Amino acid sequence: MAKAERTRQFIIEKTAPIFNAKGYVGTSMNDLVSATGLTKGSIYGNFENKDEVALAAFDHNFGAIVSYIRFKIEERSPIIDKLLVYPQTYRNFLQLPFLKAGCPVLNTSTEADDTHPMLRKKAVNALKLWKASIEKYIEIGIEKKEIKASTKAAEVSAILISLIEGSVMHAKVTGTSKMLNITMDFLEKMIRDLKA
């Protein structure tokens with residue numbers, strides 16, 4: 001990796017948690033300078049503007065979640081067990097360093113829905129990817145006769161994502177995991193009930 005690429009990656013890794021915690025509007029150039037120890041000129045020498053850093057930070061934050069979940073899913077064999085990775089991961093999201101500030105898809109969606117079209121597009125694409133991934137696992141489970149044939153993959157994936165994101169939002173706002181745990185218990189039961 002060339003020095004310029006290493007510097008870009010360093011900037012992304014150091015600023016990604018700040019963007020996830022403070023949002024685009026709440027993150028200042030001084031935050032970026034403080035996190036990286038670089039000058040504004042160094043940051044702007046590697047990125048055209050704050051937008052470009054924010055977009056790369058979103059990709060980094062979402063990529064961390066995808067990598068973590070993919071690794072956990074690949075460790076398991078039955079499809080139901082693979083799907084249970086989602087509630088088990090998000091039940092403990094406050095203990096995971098890359099999720100401590102909350103889900104970047106939720107955080108970005110909430111902030112950028114009307115104010116930042118490029119970040120909104122990133123969040124929309126992340127949701128589509130997440131939904132498609134869950135649907136794929138459900139369809140494989142149906143084919144393998146591990147999941148009931150009557151299961152509607154699109155509906156289940158929409159409900160799963162909505163329950164996760166809603167309960168994460170509730171936990172972040174209230175500072176308590178009580179509702180999160182209730183919701184993840186419900187979601188685990190819902191997933192187990194898909195079993196053929």
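Show the residue pairs that are 6+ apart or on different chains and have beta-carbon atoms under 7 Å apart, the first residue being within the stretch 55-84 and closer than 18 Å to residue 22 by Cα and at pLDDT below 95, the second being in a helix (DSSP H, G or I) and of a type in the set (S, T, N, Q).
Once the first residue is closer than 18 Å to residue 22 by Cα and at pLDDT below 95 and sits in the stretch 55-84, its partners that are in a helix (DSSP H, G or I) and of a type in the set (S, T, N, Q) give 57/15; 58/108; 61/20.
Would you confirm, using the coordinates I've provided, whether residue 149 is within 23 Å of residue 14 (Cα to Cα) and either touching a Phe, Trp or Tyr at 6+ places or on another chain (Cβ under 9 Å) or in contact (Cβ under 8 Å) with a residue 40 or more places away in the chain (or both)?
Against the criterion (within 23 Å of residue 14 (Cα to Cα) and either touching a Phe, Trp or Tyr at 6+ places or on another chain (Cβ under 9 Å) or in contact (Cβ under 8 Å) with a residue 40 or more places away in the chain (or both)), residue 149 does not qualify.
Has the stretch 26-44 got at least one residue that is at positive phi and surrounded by fewer than 18 Cβ atoms within 10 Å (Cβ to Cβ)?
yes
Between a residue in the stretch 168-189 that is closer than 13 Å to residue 93 by Cα and any residue that is polar (S, T, N, Q) and in a helix (DSSP H, G or I), which pairs come within a Cβ distance under 7 Å, given they are 6 or more apart or on different chains?
So the pair list comes out as 180/167; 184/167.
Cβ-Cβ distance below 7 Å, separation of 6 or more or different chains: which pairs start in the stretch 106-121 with a residue that is in contact (Cβ under 8 Å) with a residue 12 or more places away in the chain and closer than 13 Å to residue 19 by Cβ and end on one that is basic (Lys, Arg) and crowded, with 19+ Cβ neighbours inside 10 Å?
108/122
For a quick check of your reading of the model, give me the residue pairs whose first member lies in the stretch 87-101 and is under 18 Å from residue 163 (Cβ atoms), whose second is among the basic types (Lys, Arg) and not in a helix (DSSP H, G or I), with beta-carbon atoms closer than 7 Å and at least 6 apart or on different chains.
Close Cβ pairs satisfying both conditions: 94/100.
The values are calculated or read from the model by the stated rules, or taken from the named source; none is laboratory data. Model, not experiment: these values are computed from the prediction. Cβ coordinates were reconstructed from backbone atoms using ideal geometry, including for glycine residues, and neighbour counts include every protein chain displayed.
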